[in-house]
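Data first, discussion second: the structure below is written as structure tokens.
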Amino acid sequence: MFMKSLIFSLSFLLIFFPPKHIFSQLLPISPPIIYSDTQGEWNLLHASIGISAMHMQLLHNNKVIIFDRTDFGPSNLSLPGGRCRYDPVDTVLQNDCTAHSILYDIGTNQYRPLTIQTDTWCSSGAVLPNGTLVQTGGFNDGDHVVRTFSPCIDDSCDWTEFPNYLSGRRWYATNQILPDGRVIIVGGRRQFSYEFFPRNPQASSSSSNSPSFDLRFLLDTRDYDENNLYPFLHLLPDGNLFIFANTRSIVFDYKQNRVIKEFPQIDGGDPRNYPSSGSSVLLPLDENISGAGAGIVEAEVMVCGGAPRWSYGQAVNKVFQRALSTCGRLVVVGHANPSWVMEDMPLPRVMGDMLILPTGDVIIINGAESGTSGWELGRDPATRPIIYRPSSEIVGQRYSIMAPSPRPRLYHSSAILLTDGRVLVGGSNPHVYYNFTDVMYPTDLSLESFSPPYLSAKYAAVRPKIVAVNETLGYGEKLTVSFTVSEYLSWREVSVRIILPSFTTHSFAMNQRMVVIKTMGVYREASGSYNVLGVGPSTAEIAPPGYYLLFVVHSGTPSSGVWVKIS
């Protein structure tokens, strides 16, 4: 088997690279490094950024856009230059000279206030292929609004708003970037439909509304309060959508507006979407593995945590049920008759955020161990993150409990992956307004980072450093990533992974996906650096166009990410 792999790698070199590279050294196998004696590290970045981080998105200029709602009164951060927001229909403060959004710079650890005019409470977002954040919906005068933010090299960029762009009231809706670069916007409170941004080009230019399309599945899965909010939405490698609402899930062809397949209900019968607020990820798509025949990439979804049925009503009456401690995995592409495979987490969790780390592991962070989403309805903060290793064959050894944060992150907190592999964490405001005194869990305006075990100095010698990579990458095009590493390199323990950064809010990281790039081998240059050879994603269904973070992972230790544009 080893000789076959070696011959295949050499053949790839002959095809794609000049003959001089054939004399480079292919290196033998070494055992992978296993993290076993560290629980990660927390660092406080800011005691206060002036706002509570309800929504977060990493942009390709290494800045993070963060924003809250606008209908709670003034924040703790003033707008500069005498700027104010005048909103005659705001439910609390019509003339507001404070910021409700900031732009945070990862490199300098500085931030500047931004201006939002309409209410962004419980809204959604996605990044277009050109790097512009499209942010949709909200509450009150913001529920039909589309907002955009385009990164700039100076401090001139700010929000642009398009009132009445949306055809439906998109409050608690979910967004997903599509292979053609459009964004689909699904659901919302009492909105059993979906629509697109940009709107249908055939719609009348004089019309303020774009067409929406009924989705009966959302109507059928609502609970007693018509809640199946923030449905879990994942783009599958066959181009269809996986949609999960409360306990049920489907494969949906949005082009033909038809359900292709319905899966068994998740075990236990307890709802997982807001306000039960579990979370979900599409596990890494590996182009080195075909799960159901040549050219078909297997896709598997994971859903974790949440609150038992009726928890919301009980919490309103001060009875706080223990959160769910189960995770379910479901192969949605590559298996003829899939069923949920359930596992128990070491800790229960509601309102937890699930993020894919550069290693392909999943971190579950933030949330509570009792109660549910809503004002004052969570108890027993879950301050210890959990890291889940989906590739481990031993079920009982897939979870690791990390070091605790000193700060509860409950309702309206969020988390995203950063370029260097840290996790940025902020927010928590389980109150109608900002409240810092005489409450069990005060509003939290701080910003902190969690460094997973792979960032420990202990692994510095085996951590790769990327020195060169394609800035743009077409589908199926050859890829060369040059990197350095101090200690012994095993070419079979090297992988290249791209991650589409998420728009995170309310325990769901929208648009998040990892693709493990198809690789052909590693060779060593005379200078001592290494080149890993690969091929860009095969289709836009596997990796929609846009800006991705590319990581090299060596023996379980990732490099810092570099930005590449898939187009």
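Bear in mind that the values in this text are calculations on the coordinates, not laboratory data. Since the structure is predicted, the reported quantities are computational estimates derived from the model, not experimental observations. FYI the Cβ positions are ideal-geometry reconstructions off the backbone, even for glycines, and counts take in every protein chain you see.
Near S451: Cβ cut-off under 13 Å, other residues only, Lys/Arg at +1 and Asp/Glu at -1. The net charge is 0. Restricting attention to the chain, close to 95% of DSSP beta bridges with both partner residues there are antiparallel.
This model, with +1 at the C-beta of Lys and Arg and -1 at the C-beta of Asp and Glu, gives segment 419-567 a dipole about its Cα centre of some 480 debye.
Please state the shape class of segment 422-567: rounded when a/c is under 1.5, otherwise prolate if a/b exceeds b/c and oblate if not, all from the C-alpha gyration tensor. It comes out oblate by the Cα gyration axes.
Computed over neighbours whose Cβ is under 14 Å from that of P501, the net charge equals +3, Lys and Arg +1, Asp and Glu -1.
Summing +1 for each Lys or Arg and -1 for each Asp or Glu among the other residues whose beta-carbon sits under 13 angstrom from that of Q265 gives -1. Basic side chains Lys and Arg get +1 at the Cβ, acidic Asp and Glu get -1 at the Cβ, and with that the dipole of the chain about its Cα centre reaches some 820 debye. Think of segment 41-455 as a dipole: +1 on every Lys or Arg Cβ, -1 on every Asp or Glu Cβ, centred on the Cα centre; then among F450, S277, G360, S277 lies furthest on the positive end. When we measure straight from the Cα of K458, which aspartates and glutamates land under 12 angstrom away, once same-chain ones fewer than 8 places off are left out? K458 reaches D37.
Among the listed pairs K255/K518; K518/K565; K63/K518, those with a Cα-Cα distance over 20 Å are K255/K518; K63/K518. Principal-axis analysis of the Cα atoms of the chain puts helix 2-16 at an angle of about 80° to the longest axis.
Note on T484 and D344: with the Förster distance fixed at 35 Å, the Cβ-Cβ geometry gives a FRET efficiency of about 0.25. Pick out, from N43, P406, T136, the residue whose Cα sits farthest towards the positive end of the charge dipole of segment 41-455, with +1 on the Cβ of Lys and Arg and -1 on the Cβ of Asp and Glu. Of the listed residues, the answer is T136. Let me make sure I get this right: for segment 452-521, a, b and c are the square roots of the gyration tensor eigenvalues over alpha carbons, sorted descending. Under 1.5 in a/c it's rounded, otherwise prolate if a/b > b/c, else oblate. Which is it? It is oblate, given that a/c is not under 1.5 and a/b is not larger than b/c. Under a 5 Å amide H cut-off, with hydrogens placed 1.01 Å from N, V127 pairs with V134 among residues at least 5 apart or on other chains.
Where in segment 459-502 does the amide nitrogen come within less than 12 Å of the point 7 Å from the Cα of R524, taken along Cα to Cβ? The answer is 485-491.
Shape of segment 41-455 from the C-alpha gyration tensor: rounded (a/c under 1.5, with a ≥ b ≥ c the square roots of its eigenvalues). Note on segment 60-134 and segment 503-523: Cα centroid distance 27 Å, given to the nearest whole angstrom.
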